[in-house]
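Data block below; observations after.
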Amino acid sequence: MRAAVIVFPGSNCDVDAALAWEQTTGGTAERIWHETADLSGAEAIILPGGFAHGDYLRCGALCRFSPAMRAVVAAASRGVPVLGICNGFQILCESGLLPGALGRNQGLTFRCETVRIRVENTGTAWTGACRPGEVLSLPIAHGDGCYWLPAEELDALRVRGGVVFRYCDAGGRTGTGANPNGSADDIAGICNPAGNVVGLMPHPERAAEALLGGTDGAAILRSALRVLGVGATASG
Amino acid sequence: MRPSEPPRAPRSGSAGHTVAVPSPPRWEAVGLQADEYRDITARLGREPNDVELGLFGAMWSEHCSYKSSRAYLGRLPSGAPQVLVGPGENAGVLDLGGGHAVALRMESHNHPSAVEPFQGAATGVGGILRDIFTMGARPVALLDGLRFGPPDAARNRQLAVGVTQGIGHYGNCTGVPTVGGETTFDPVYADNPLVNVMCVGYLEWEYLQRGAAPGPGNGVFLIGNRTGRDGIHGASLLASQSFRESAAELRPAVQVGDPFVGKLLIEACLELAASGRLRGQSDLGAAGITSAASETAGRAGTGILLDLDRVPCREPGMSAYEIMLSESQERMLLVAAPEDEAYLLGVCRRWGLDAARIGTVTDDGRLRVVKGGRLEADVPARHLSHGAPKYRRPARLPAPPVPWSPDPARHADLTPEEARSAAVELLRRPTLAAKRWLYRQYDHQVQTNTVLSPGAGDAAVLRHRPSGQGIALSLDMGGRLPALDPYGGAALLVAEGARNVACAGGRPLGLTNCLNFGSPERPEVMGAFIRTIDGLAAACRRLGIPVTGGNVSFYNETGGRSIYPTPAIGMLGLLAEAGGARGSGATAAGHGVWCLGPLGRARLDGSEYQDMRWDLCAGAPLRPQWGTERALVALLSGGAAELASAHDVADGGLVTALVEIVGTARTRGLGLAVDLPRPRGRGPAARLDNLLFGEGPGRVLVTAEDGAELQAACAGLGLACRRLGSTTGDGVVRISVGGKPLMRLGPDDLAAWEEALPRCLD
């Protein structure tokens, strides 16, 4: 179970993601510099949080020109599980692997706190270990997490089960003011039609051990193990 | 080659009819005094040229040379077995055992933040990060101590919002969590807000870097941002003078930060440090290349020959003067052997950083600067870096403080009926209100080491992954108490810092500090400064805590009106296991609530309540009782008793501390029912308001499931321990006095405490 964690200049959650992967899955995680074009051997790929390329131009926008991203796109098309966390989610949207865009938080300020999200789709590579409707407590830390998609595309996303996580309250209810950034339809995370590419704003890697106050993120990372059981690899 | 001649002053009277306009003396333009100019001339054996004078102006500024404070800073105790690097380097370093160590440093960025709050604060964070990774340490935590004027004025609000966002911008982007700090509001800081930033980093002892340039023949490299025309005179004119009418005209002296490059620099420098191929490194902060070059050469007893034509500049046509004094951000000066040049440049290229060899270490002890084949400056390096005069300025020591005696007519005690509304009003004061609005804007979890995050404990606790230990961090800052009693106020801060890290489970290991004062040219400011040093030194000796370094910020005054003497200390404590961290909030209903230490030992003197009720800051704050403080630290950091939570009674007194135990989102639903002893005796101690809102050191509120262990441990230490009541499950704080119900603070009151700050600042 070898994961590749892609490191862009300005990534700052790459070490956290690699450690959390190793701790929760028992596998190995290698941090791969963005100029590397060869991701063969990676059975799962994580795009970590941070401020890749300083978030200049737009959050995540410049990453798609990196050789590693071309390899990520190719691996994703072969069904390799790809998880984009926070800045990684923004990168997935900017590179076209996921639809929509992430804009400035509605409140216009950076927010770092623990939120709750509800699992809407357990059929993805990164939610198979969760229960449908399960409420997870996960930290967020972002200034640009307001998910947006044109209305008709949003409908299409919903219809195909593309909404993977929604912000909710402790009781799992949405629309109760629990949305921290103004995202459309309380969306916290989405997936591609094949379900192997998932992006979300909250940080599962920060909730992977009890010492730090929560372990709800571990289920997301461990979910990839089920997929890997069927043998999808980057080289395969 | 000789340095270019000093310009000649135009001779007056020679043309007959023209009226001579005396030009201001040369030294004034760079912020020096006439006798300092004479001193420089004597050291050089000639008059300095303009470039050389600029170098001295920057390096002999108050900001860079500590010329008014150095004579006293040696009084702070810095020797202890755990101190691996003490004062004088870019940061102090404490031993964590097993080859692991922790670097810490605090610095002010007050003047730039007053002029341009966002960039001033952001570059303050950038600068303190560089101080830490310069030592070869990975920055793992930031804390900030902030002082603003009351947020009901638009200007103060703009400053508070700008500073908060600037701190968040830099820390969040570089991936260093901001885990704690202290923020209060007082009119005395309206024109001179304070922004003190502290950084802590982990390092392996074998990778420790020194800010020195040893080995003649070694190369001197400049890496990071290109050098531009920003921040020239930041050290000499902005940070070393009082504000006059308009601080806005100094805006060009403020630098602009780029946290993205800051992050790349962290990674490149740590990679180079771990390679073992660096001979020395220094960050470029105040006074830019001048400071980095002269200090590294000065420390090593070497010289440096700089070729400014090799400095990557942002724009063409920059003069030697501008290049040497530019304070462009995100630059580092590295020293490496010639055979390591290709390796060093290669690492920088991979991280996308500009890098150039700009000079060579020499054996002549001189800083020589060449540009366009011309020798622009030639001065003894150590005279620049370590030769500034050491002043013992006239000082008027403060009179011993006299306890306040309230006038019964004007300063009536609270009736039991008034107690509740006073508590509600007090809790809404921006200084006492919950600070979630601030820390929510800071990433406080990145690097996944944060065991106790902001608001969860009296100190932040971080895990040290390699050893499993934890470090507890607390930043405590003065205000009214040192204003009334500089000596006692400083001692109180050390005691409070120690208590805070102990409440979180840590044993105090060392502290850093930042001393913010008005103009040292005024005797009363110097007097308060000297007493502050003495108070800090005495407290550190009493508690056995070494000082690893610090920073002094003078000239925090405008139009002759100074801030309060405002020392800040950053305390670091050690936990044997990170998992032993203890929060400040109650964890369950049905636990007992105890007060450790002298419950009734409090005064209204200098309290938040005295300010609120009578717009008054008067009297003599209580000083620490060292036996009590030592016993508290021993009990709380020793694990003698199983405690669910521990919380220091600080600003706002007992009622505020009680509310803080159950008031946060984390503890929602929990409440307290406590009974306080009826105040006895005569005078202020018999007052109800003094019991509820009086302030005094040495008091800690703890909750525990079972008190038997606690009482036994306290008895063993001779520490007072009084049961006040229990935690409840109804989200209400009920306080009675002498068995008679006094007040009830419900969920709405607790929510008002949490919402007060956003209401002011959003």
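Residue check: is B:Gln158 open to solvent by 10 Å² or more (accessible area, probe 1.4 Å), within 13 Å of chain A (Cβ to nearest Cβ) and closer than 22 Å to B:Arg436 by Cα?
no
When you go through (1) surrounded by fewer than 24 Cβ atoms within 10 Å (Cβ to Cβ); (2) modelled with pLDDT under 95; (3) away from chain B (no Cβ under 14 Å) one by one for A:Ala224, which number turns out not to apply?
Going through the list (1) surrounded by fewer than 24 Cβ atoms within 10 Å (Cβ to Cβ); (2) modelled with pLDDT under 95; (3) away from chain B (no Cβ under 14 Å), A:Ala224 breaks only (1).
Assess whether B:Leu375 counts as being away from chain A (no Cβ under 14 Å), open to solvent by less than 30 Å² (accessible area, probe 1.4 Å), out of contact with any helix residue (DSSP H, G or I) (no Cβ under 8 Å at 6 or more places or on another chain) and at pLDDT 95 or above.
Spelling it out, B:Leu375 is indeed away from chain A (no Cβ under 14 Å), open to solvent by less than 30 Å² (accessible area, probe 1.4 Å), out of contact with any helix residue (DSSP H, G or I) (no Cβ under 8 Å at 6 or more places or on another chain) and at pLDDT 95 or above.
Are any residues in the stretch A:112-145 within 13 Å of the chain's Cα centre (by Cα), within 14 Å of chain B (Cβ to nearest Cβ) and assigned to a loop (DSSP other than H, G, I, E, B), and if so, which ones?
Listed by number, the list holds a single entry, A:Gly145.
If you scan the stretch B:503-518, which residues turn out to be open to solvent by 10 Å² or more (accessible area, probe 1.4 Å) and under 19 Å from the mean Cα position of the chain (by Cα)?
The one that is open to solvent by 10 Å² or more (accessible area, probe 1.4 Å) and under 19 Å from the mean Cα position of the chain (by Cα): B:Pro508.
Among the helices (runs of 4 or more DSSP H) confined wholly to the stretch B:1-94, which include 3 or more residues that are within 30 Å of B:Lys371 (Cα to Cα) and modelled with pLDDT of 85 or more?
In the stretch B:1-94, the matching helices (runs of 4 or more DSSP H) lie at B:34-44, B:50-59, B:62-65.
Looking at the stretch B:686-762, what helices (runs of 4 or more DSSP H) fall wholly within it and have at least 1 residues that are in contact with a helix residue (DSSP H, G or I) (Cβ under 8 Å, 6 or more places away or on another chain), modelled with pLDDT of 95 or more and closer than 16 Å to B:Leu672 by Cβ?
Result: B:688-693.
I want to confirm something. Restricting to the stretch A:181-210 and keeping residues that are in a loop (DSSP other than H, G, I, E, B), within 14 Å of chain B (Cβ to nearest Cβ) and open to solvent by less than 10 Å² (accessible area, probe 1.4 Å), which single residue is farthest from A:Gly128 (Cα to Cα)?
Per the stated criteria, the residue is A:Asn181.
Residues in the stretch B:95-114 that are outside any strand (DSSP E or B) and surrounded by fewer than 21 Cβ atoms within 10 Å (Cβ to Cβ): how many?
Result for the stretch B:95-114: 2.
Out of (1) more than 14 Å from chain A (Cβ to nearest Cβ); (2) closer than 30 Å to A:Gly214 by Cα; (3) out of contact with any Phe, Trp or Tyr (no Cβ under 9 Å at 6 or more places or on another chain), what's the single condition that is false for B:Ser405?
All conditions are met except number (2).
Could you list, in sequence order, the residues of the stretch B:690-712 that are open to solvent by 20 Å² or more (accessible area, probe 1.4 Å) and small (Gly, Ala, Ser)?
Hits for the stretch B:690-712 are B:Ala708, B:Ala712.
Please count how many residues of the stretch A:23-49 are within 20 Å of A:Gly199 (Cβ to Cβ), open to solvent by 10 Å² or more (accessible area, probe 1.4 Å), within 13 Å of chain B (Cβ to nearest Cβ) and touching a residue at least 40 places away in the same chain (Cβ under 8 Å).
1
Can you tell me how many residues within the stretch A:156-190 are β-branched (Val, Ile, Thr) and within 21 Å of A:Val82 (Cβ to Cβ)?
4
In the stretch B:259-281, how many are open to solvent by less than 10 Å² (accessible area, probe 1.4 Å) and hydroxyl-bearing (Ser, Thr, Tyr)?
Total meeting the criteria: 0.
Pick from A:Thr176, A:Thr109: which is surrounded by fewer than 24 Cβ atoms within 10 Å (Cβ to Cβ), assigned to a loop (DSSP other than H, G, I, E, B) and within 14 Å of chain B (Cβ to nearest Cβ)?
Result: A:Thr109 is the single residue among A:Thr176, A:Thr109 that is surrounded by fewer than 24 Cβ atoms within 10 Å (Cβ to Cβ), assigned to a loop (DSSP other than H, G, I, E, B) and within 14 Å of chain B (Cβ to nearest Cβ).
Residue under question is B:Gly468, and the condition is that it be touching a helix residue (DSSP H, G or I) at 6+ places or on another chain (Cβ under 7 Å), surrounded by fewer than 21 Cβ atoms within 10 Å (Cβ to Cβ) and within 14 Å of chain A (Cβ to nearest Cβ); does it hold?
Taking the combined requirement at face value, the residue satisfies it.
Take B:Ala355 and tell me if it is farther than 30 Å from A:Asn12 by Cβ, under 33 Å from the mean Cα position of the chain (by Cα) and crowded, with 20+ Cβ neighbours inside 10 Å.
Considered against the rule, which asks whether it is farther than 30 Å from A:Asn12 by Cβ, under 33 Å from the mean Cα position of the chain (by Cα) and crowded, with 20+ Cβ neighbours inside 10 Å, B:Ala355 comes out as no.
Residue-wise test of (1) surrounded by 23 or more Cβ atoms within 10 Å (Cβ to Cβ); (2) within 15 Å of B:Arg699 (Cβ to Cβ).
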site	(1), (2)
B:Leu599	no, yes
B:Met612	no, no
B:Leu632	yes, yes
B:Glu642	no, no
B:Gly653	yes, yes
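Going residue by residue through the stretch A:8-22, is there one that turns out to be more than 9 Å from chain B (Cβ to nearest Cβ), over 15 Å from A:Leu221 (Cα atoms) and under 17 Å from the mean Cα position of the chain (by Cα)?
So far as the stretch A:8-22 goes, yes, one or more of its residues are more than 9 Å from chain B (Cβ to nearest Cβ), over 15 Å from A:Leu221 (Cα atoms) and under 17 Å from the mean Cα position of the chain (by Cα).
Quick one: in the stretch B:410-452, of everything that is open to solvent by less than 20 Å² (accessible area, probe 1.4 Å) and more than 26 Å from the chain's Cα centre (by Cα), which residue is farthest from the other protein chains (Cβ to nearest Cβ)?
The extreme case among them is B:His411.
Looking at (1) open to solvent by less than 30 Å² (accessible area, probe 1.4 Å); (2) more than 27 Å from B:Pro621 (Cβ to Cβ); (3) of a type in the set (D, E, K, R), can you tell me which one B:Arg687 breaks?
Among (1) open to solvent by less than 30 Å² (accessible area, probe 1.4 Å); (2) more than 27 Å from B:Pro621 (Cβ to Cβ); (3) of a type in the set (D, E, K, R), the lone unmet condition for B:Arg687 is (2).
B:Thr174: buried (at least 23 other Cβ atoms within 10 Å of the Cβ), within 14 Å of another protein chain (Cβ to nearest Cβ), at pLDDT 95 or above and under 18 Å from the mean Cα position of the chain (by Cα), yes or no?
Answer is no for this residue.
Only residues in the stretch B:335-351 that are within 14 Å of chain A (Cβ to nearest Cβ) count as the first member; pair them with residues that are of a type in the set (A, V, I, L, M), Cβ under 6 angstrom, at least 6 apart or cross-chain, and list the lot.
As it stands, the answer is B:Val347/B:Ala268; B:Val347/B:Leu272; B:Cys348/B:Ile223; B:Cys348/B:Ala268; B:Cys348/B:Ala355; B:Trp351/B:Leu264; B:Trp351/B:Ala268, since those pairs meet every condition given.
For the stretch B:453-465, which positions are under 25 Å from A:Trp21 (Cβ atoms), open to solvent by less than 30 Å² (accessible area, probe 1.4 Å) and within 9 Å of chain A (Cβ to nearest Cβ)?
Within the stretch B:453-465, B:Ser453, B:Arg463 meet the criteria.
Do you know which residues across the stretch A:50-89 are among the polar types (S, T, N, Q) and within 14 Å of another protein chain (Cβ to nearest Cβ)?
Within the stretch A:50-89, A:Ser66, A:Asn87 qualify.
The values are calculated or read from the model by the stated rules, or taken from the named source; none is laboratory data. Keep in mind it's a predicted model, so treat the numbers as computed, not measured. Counting neighbours? That spans all protein chains shown, and the Cβs are built from the backbone with ideal geometry, glycine included. The area values use the complete protein model at the heavy-atom level, side chains included, leaving out ligands, DNA and RNA. Shrake-Rupley method; radii C 1.70, N 1.55, O 1.52, S 1.80 Å.
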